[in-house]
Amino acid sequence: MRNHNGYLLRWDDEGMLFDPGEGTQRQMLFAGVSATDVTRICLTHFHGDHCLGVPGVVQRLSLDRVQRPVYAHYPASGRDFFGRLRYAASFYETADLREEPVETDGPVASGTFGTLSALRLEHPVDSYGYRLVEPDGRRMLPDRLAEYGIAGPDIGRLQREGSISVGGPGAGGATVALEDVSEHRRGQRFAFIMDTRLCENVFALADGVDMLVIESTFLAAEAELAESFGHLTAAQAGRVAAECGVRLLVLTHFSQRYTDPAAFGAEAARHFDGPIVVAEDLARVPVPKR
């Protein structure tokens, strides 16, 4: 038996908890994850296996006296559901939980971590997928810095100001621009796609991401069943990863009709030749390095 959903993305200072299903608070204890690690709760939709862990997580935020605000993103049509989950039992609320329902496609949060966006998916109830994009930056080139004799505090000043003068006027001083000693670094990208049938927004969310966490409820032999219930197959997940240039594919959300999760990885691998992780309870999966 596998535990219900519950995925924590550690991203710089952010801890984004996606789809906490029943038992998530218990799994957090086993995983060594504290409520203080959670900065956002992101729900894709309001089927029980994706949200019934909310009451325990919310109450734990107050029990542990989490000091910073925690934001909750969820489909706006489920406001009443979230309200009932948030106050499912009596407790002394001290945490600052700020609800930010998702009304439409587009950005839902931004900060130094990047931009978190949501796009509507196709499921019997309102469902959204999430995409996180880090700002582009620059990678300093040590050999070029050494060539110009730039070191120590001057590196930080160059990054802040965009250019600095090196060498004194009597030594043939020159102005060095940031572009002379660095190269463009594309920001990392992550996508989280749960219950949906194949649609355009699946591809939009997955486009060029470093890590794609995606449902693959059925195998291809049950493709018609997947379509009728608004789900994906492992083969479809593999094709999405291949067409979108994904670096790492993480498969999850397997129907309990199947006894061998490895079959999902094997099916996806027939379409995607990159690295594939078949998610397991309490597994830690690193985001690919830049």
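A few comments on the model shown:
- The combined condition, being within 22 Å of residue 191 (Cβ to Cβ), among the small types (Gly, Ala, Ser), open to solvent by 10 Å² or more (accessible area, probe 1.4 Å) and not in a loop (DSSP other than H, G, I, E, B), is not fulfilled by residue 72.
- Among residues that are over 20 Å from the mean Cα position of the chain (by Cα), more than 24 Å from residue 43 (Cβ to Cβ) and open to solvent by less than 10 Å² (accessible area, probe 1.4 Å), residue 235 is included.
- Positions within the range 79-99 being surrounded by 11 or more Cβ atoms within 10 Å (Cβ to Cβ) and under 19 Å from residue 49 (Cα atoms), in sequence order: 79, 81, 82, 83, 84, 85, 86, 87, 88
- Close Cβ contacts (under 9 Å, 6 or more residues apart or on different chains) running from residues in the range 61-72 that are free of Cβ contacts under 8 Å to residues at least 60 places away in the same chain to residues that are part of a strand (DSSP E or B) and among the basic types (Lys, Arg) comprise 69/98; 70/40; 70/98; 71/40; 71/98; 72/40; 72/98.
- Just one residue in the set 160, 120, 144, 138 is among the basic types (Lys, Arg), open to solvent by 30 Å² or more (accessible area, probe 1.4 Å) and within 30 Å of residue 279 (Cβ to Cβ); that residue is 120.
- Residue match in the range 242-249 (condition: open to solvent by 50 Å² or more (accessible area, probe 1.4 Å), charged (D, E, K, R) and closer than 27 Å to residue 20 by Cβ): yes
- When restricted to residues that are out of contact with any helix residue (DSSP H, G or I) (no Cβ under 8 Å at 6 or more places or on another chain) and either farther than 30 Å from residue 229 by Cα or in a helix (DSSP H, G or I) (or both), the range 175-210 contains 13.
- Meets criteria (surrounded by 14 or more Cβ atoms within 10 Å (Cβ to Cβ), more than 22 Å from residue 26 (Cα to Cα), among the β-branched types (Val, Ile, Thr) and in contact with a strand residue (DSSP E or B) (Cβ under 6 Å, 6 or more places away or on another chain)) for residue 102: yes
- Top-ranked residue of the range 43-69 - restricted to ones that are part of a loop (DSSP other than H, G, I, E, B) and open to solvent by 50 Å² or more (accessible area, probe 1.4 Å), ranked as nearest to residue 20 (Cα to Cα): 52
- Qualifying residue in the range 193-216 (condition: touching a Phe, Trp or Tyr at 6+ places or on another chain (Cβ under 8 Å), of a type outside the set (A, V, I, L, M, F, W, C), more than 30 Å from residue 146 (Cα to Cα) and buried (at least 24 other Cβ atoms within 10 Å of the Cβ)): yes
- Figure legend. Inter-residue proximity from the range 257-274: first residues closer than 9 Å to residue 234 by Cβ and outside any loop (DSSP other than H, G, I, E, B), second residues open to solvent by 70 Å² or more (accessible area, probe 1.4 Å) and not polar (S, T, N, Q), beta-carbon distance below 9 Å, spacing 6+ or different chains. Indicated pairs: 268/239.
- Scanning the range 191-236 for residues that are without any contact (Cβ under 8 Å) to a residue 40 or more places away in the chain and among the aliphatic types (A, V, I, L, M) returns 212, 214, 221, 223, 225, 226, 232, 234, 235.
The values are calculated or read from the model by the stated rules, or taken from the named source; none is laboratory data. Everything quoted here is computed from the prediction, not taken from an experiment. Neighbour counts run over all protein chains shown; Cβ positions are idealised from the backbone, glycine included. With ligands, DNA and RNA removed, areas are computed over all heavy atoms of the protein, side chains included. Shrake-Rupley method; radii C 1.70, N 1.55, O 1.52, S 1.80 Å.
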